[in-house]
Amino acid sequence: MLNLPKVEKRSTGFALFLRTIIGRAYPRVIGQQRERSWIIFDVFFPMVAVIGYVYIYKAIGAPSDYVGFVVLGGAMTSFWMNILWGMSSQLYWEKETGNLSLYIASPAPMMGVLLGMAVGGLVATLIRAVGVILLGSLLFHVTYSIMNFPTLVLIFMLSMVALYGLGMMTSSIFLLLSREAWHLANLAQEPIFLVSGFYFPLKFMPFWVSALASLIPLTLGLDSMRQLIFASGPTLGFLSVNIEAWILAALAVVFIVAAKLLLDYMERLAIREGRITENRR
Amino acid sequence: MAERQAAQVPSNIVRRSFAIATWLGWKIESNWTDPFLFAVYSVIKPLAGAAIIVVMYSVVASGNFDTPYFAFLYFGNAFYQYVSSVITGVSWSIVDDREHYRTLKYLYVAPIRFQYYLLGRGVARILAGTFAVIITIAGGVLFLHVPLNFAQVDWLLFSVSFVLGIVVLIYMGLVLAGVTLMLAHHSDVVGDAVASAMFLFSGAIFPLSYLPAFIRPIGYALPVTYWLELLRRSIIGSSVESFSSFGSLTNLELLSILLGFTLLFGLFSNAIFRACERRAKEKGLIDQITNY
């Protein structure tokens with residue numbers, strides 16, 4: 001018989017919720033730093049795209065700010081990749097590896113698990129994104145002219161809350177997928193980089209494409225950040241920073257509420273249909 | 001005597017290994033959804049990748065696509081899709097069969113020739129890559145005035161270079177498969193990492209002269225660089241010369257270098273794979289499941 005230590009501190013309510021968030025964020029923040037090789041890959045892949053696209057701009061004689069647009073866009077791809085592979089697909093992976101049923105059987109609230117994933121993913125990805133920006137700025141001598149730092153921080157935080165809210169919402173949807181999950185996440189890379197203007201100002205896309213792409217918080221977040229960071233940014237913005245900030249705030253609320261509702265629904269559905277432990281390879 | 005008999009693998013085993021693996025690979029790649037969605041999936045991703053570059057170019061060049069650099073960029077990017085398709089196509093099944101389906105150990109005790117099985121598993125991705133390249137080029141010709149005059153294409157040069165390039169990519173995929181066998185961590189990103197690195201160093205989307213001088217030799221040491229140069233020369237002819245990384249070399253000289261690379265990889269890739277395989281067996285990695 002296993003001689004397990006006695007549980008001395010039982011948490012309930014908000015304390016349990018908080019401990020769940022910390023517990024799920026821990027492997028992402030601390031655990032990932034122990035496996036440092038991941039940092040190389042997480043910085044390497046966005047940097048390859050950044051360097052390639054910067055050289056295209058150099059070859060066609062683009063204004064110097066465009067190099068900065070690419071570096072910033074490349075850094076933001078880290079967050080999008082984290083949303084796809086570390087949030088949306090996460091519950092699907094947990095199901096594949098058998099952890100999901102343990103989560104559900106434990107007293108930890110699933111919303112806390114999702115929030116922990118989001119907080120941990122955000123912190124860990126931030127380190128990589130900063131790495132891309134530093135490396136890109138040093139390599140290509142990017143010049144920034146930050147006009148309003150507090151607004152920049154606010155926009156970044158709003159973008160991240162809305163983005164990770166979207167990730168929490170989609171993770172519930174992916175829960176019901178099988179092999180499609182991998183392919184869907186794979187599909188949501190280049191097309192999103194295109195319509196969200198990761199490597200060029202969003203203004204140059206057709207209006208309705210940009211409007212639809214604005215449902216992805218990084219689209220407007222990136223557009224606002226470019227307006228606040230680069231000298232030519234304000235002339236190349238899609239909407240004004242104020243309007244984009246309000247839209248991002250609205251998206252954040254909608255996605256987080258939707259995440260909670262969808263999670264409850266999907267959990268009930270998955271339990272009813274017996275798909276929580278289903279593993280269709 | 002017995003050793004010699006064992007070394008001579010009957011051709012029907014080679015054929016069977018390749019054919020069954022091809023069928024299996026195609027099923028795995030495509031049967032997760034209905035054929036229509038699979039076709040859409042296969043088209044959207046490469047087209048979006050090409051469209052990013054097109055929009056970037058268009059923003060700065062004010063929509064003037066009628067320049068030699070755009071043709072250089074477009075064809076380089078389009079054909080480069082083969083590199084990741086072929087390389088990861090051949091090496092990915094190691095990860096898939098070991099970690100995901102957990103069948104690698106059974107494959108090793110089955111009466112198949114494993115290298116041909118790997119090649120067969122890669123065919124589906126190579127076919128998808130071919131589809132993507134055709135769609136990308138057709139889109140460019142139809143909507144962006146990418147210059148493609150069938151009468152002016154040097155078909156002989158194109159065909160020979162194309163085949164040599166695909167063969168050398170398959171050999172590179174085999175080497176990567178061997179390396180993947182020995183890795184516990186990051187085995188799933190090895191193919192993409194190599195393909196991404198070569199994207200920068202091979203002059204796929206910009207001339208090598210834009211790279212710092214100390215990095216350029218990496219590009220010259222890659223067969224892909226010569227392959228892309230030959231494909232561009234065969235399709236768009238002299239207009240590529242202003243962006244050429246090998247202005248002083250003739251087509252024949254470039255072809256000879258590519259042939260040399262193909263022979264070199266042909267000679268060593270199987271030996272490298274065998275050595276990696278032996279090492280993986282010694283270390284008990286064939287059936288290792290890491291859940292990494």
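Just so it is clear, none of the values below were taken in a lab; they were calculated from the coordinates. Predicted model only: the values in this text are computed from it and were never measured. As a convention, Cβ positions derive from the backbone with ideal geometry for all residues, glycine included, and neighbour counts pool all protein chains shown.
Under the definition of Cα pairs under 8 Å and six or more residues apart, what whole-number percent is the relative contact order of the range A:35-272?
28 percent
Considering only A:L202, A:L262, A:L102, the Gaussian network model of chain A with Cα springs below 10 Å gives its largest mean-square fluctuation to A:L102. Is the shape of the range B:141-195 rounded, prolate or oblate, going by the alpha carbon gyration tensor and its root eigenvalues a ≥ b ≥ c, with a/c under 1.5 for rounded and a/b larger than b/c for prolate? Oblate, because a/c is 1.5 or more while a/b does not exceed b/c. A Gaussian network model of chain B, with springs between Cα atoms under 10 Å, assigns the largest mean-square fluctuation among B:A177, B:A271, B:A197 to B:A197. With bins 5 Å wide beginning at 0, the percent of Cα pairs of the range B:10-282 falling in each bin runs 1, 6, 11, 16, 18, 16, 13, 9, 6, 3, 1, 0, 0. Projecting the Cα atoms of B:V167, B:P111, B:W92 onto the charge dipole of chain B, computed from C-beta unit charges around the Cα centre, puts B:P111 farthest toward the positive end. Each residue, B:F158 and A:L138, gets one label point 7 Å from its Cα in the Cβ direction; the gap between the two is 4.5 nm. Taking a ≥ b ≥ c as the square roots of the eigenvalues of the alpha-carbon gyration tensor, chain A is classed prolate because a/c is 1.5 or more and a/b outweighs b/c. Helix A:241-272 and the long axis of chain A differ in direction by around 30°, with both axes built from C-alpha atoms.
Report, in degrees rounded to the nearest 10, the 0 to 90 angle that the Cα long axis of helix A:37-59 makes with the longest principal axis of chain A. Long axis of A:37-59 versus the principal axis of chain A: about 20 degrees.
Does the protein assembly as shown come out rounded, prolate or oblate by the C-alpha gyration tensor, with a ≥ b ≥ c the root eigenvalues, rounded set by a/c under 1.5 and, if not, prolate when a/b is larger than b/c and oblate if not?
Details: a/c = 1.95, a/b = 1.13, b/c = 1.73.
Judged from the Cα gyration tensor, the protein assembly as shown comes out oblate (a/c at least 1.5, b/c at or above a/b).
Mean residue ellipticity, 222 nm, helices only, chain A: the sum of -39500 (n - 2.57) across DSSP H runs of n ≥ 4, divided by residue count and rounded to 500, is -23000 deg cm²/dmol.
Using a simple charge model, +1 on the beta-carbon of Lys and Arg, -1 on the beta-carbon of Asp and Glu, nothing else, what dipole does the protein assembly as shown show about its Cα centre, in debye to the nearest 20?
Numbers: 39 positive and 30 negative charges, 298 e Å.
Computed about the Cα centre, the dipole is about 1440 debye.
Among the DSSP helices (H) of chain B, those spanning at least 18 angstrom by Cα along their long axis with an average Kyte-Doolittle hydropathy of 1.0 or more are B:35-61, B:114-144, B:155-182; this is a geometric and hydropathy rule only. From helices alone, chain B scores -24500 deg cm²/dmol at 222 nm; the rule is -39500 (n - 2.57) for each run of n ≥ 4 DSSP H residues, then divide by the residue total. Seen against the Cα atoms of chain A and their longest principal axis, helix A:13-26 is set at about 60 degrees.
Residues considered: B:M172, B:M56, B:M198. Largest GNM mean-square fluctuation over chain B, using C-alpha springs under 10 Å, is found at B:M56.
Projecting the Cα atoms of B:F65, A:G167, B:I20 onto the charge dipole of the protein assembly as shown, computed from C-beta unit charges around the Cα centre, puts B:I20 farthest toward the positive end.
Here the range A:67-114 is treated as an ellipsoid with the same Cα gyration tensor; its semi-axes, largest first and in whole Å, are 32, 11, 5.
Quick one: longest stretch of chain A between exposed loop GluC sites (Glu not before Pro), exposed meaning at most 15 other C-beta atoms within 10 Å and loop per DSSP? Don't jump to the answer; show the numbers that get you there.
Numbers: sites that count: A:E8, A:E35, A:E273, A:E278.
Maximal segment without exposed cleavage sites: A:36-272.
One chain, two ends: B:H185 and B:R102. Fully extended at 0.36 nm per residue, the span grows by 28.3 nm beyond their Cα-Cα distance. Extension gain, A:K203-A:K9: 0.36 nm per intervening residue step, less the Cα-Cα distance, totals 64.4 nm. Centroid-to-centroid, using Cα positions, the range A:62-116 and the range B:249-268 are 44 Å apart. Placing unit charges on the Cβ atoms of the charged side chains and taking the dipole of the range A:1-157 about its Cα centre, the candidate lying farthest along the positive direction among A:A118, A:L152, A:G31 is A:G31.
Say R0 is 56 Å: what FRET efficiency, to the nearest 0.05, do A:I104 and B:A151 get from their beta-carbon distance?
Working: r = 65 Å, r/R0 = 1.16.
That pair, A:I104 with B:A151, gives E of 0.30.
You can think of it this way: the chain between B:S248 and B:L263 has 3.0 nm of extra reach, that is 0.36 nm per residue less the Cα-Cα gap.
Over the range B:10-282, what is the relative contact order in percent, taking alpha-carbon pairs closer than 8 angstrom and at least six residues apart? Mind showing how you got there, number by number?
Working: 330 pairs, mean separation 71.4, N = 273.
Computed value for the range B:10-282: 26 percent relative contact order.
With R₀ set to 35 Å, the beta-carbon distance separating B:Y220 from A:W93 gives a calculated FRET efficiency near 0.30.
Given a cut-off of 32 Å, name the pairs among A:K58/A:K203; A:K95/B:K45; A:K95/B:K105; A:K6/B:K281; A:K95/B:K283 whose C-alpha atoms lie farther apart than that in the structure shown.
Values: A:K58/A:K203 21 Å; A:K95/B:K45 27 Å; A:K95/B:K105 24 Å; A:K6/B:K281 43 Å; A:K95/B:K283 30 Å.
Correct reply: A:K6/B:K281.
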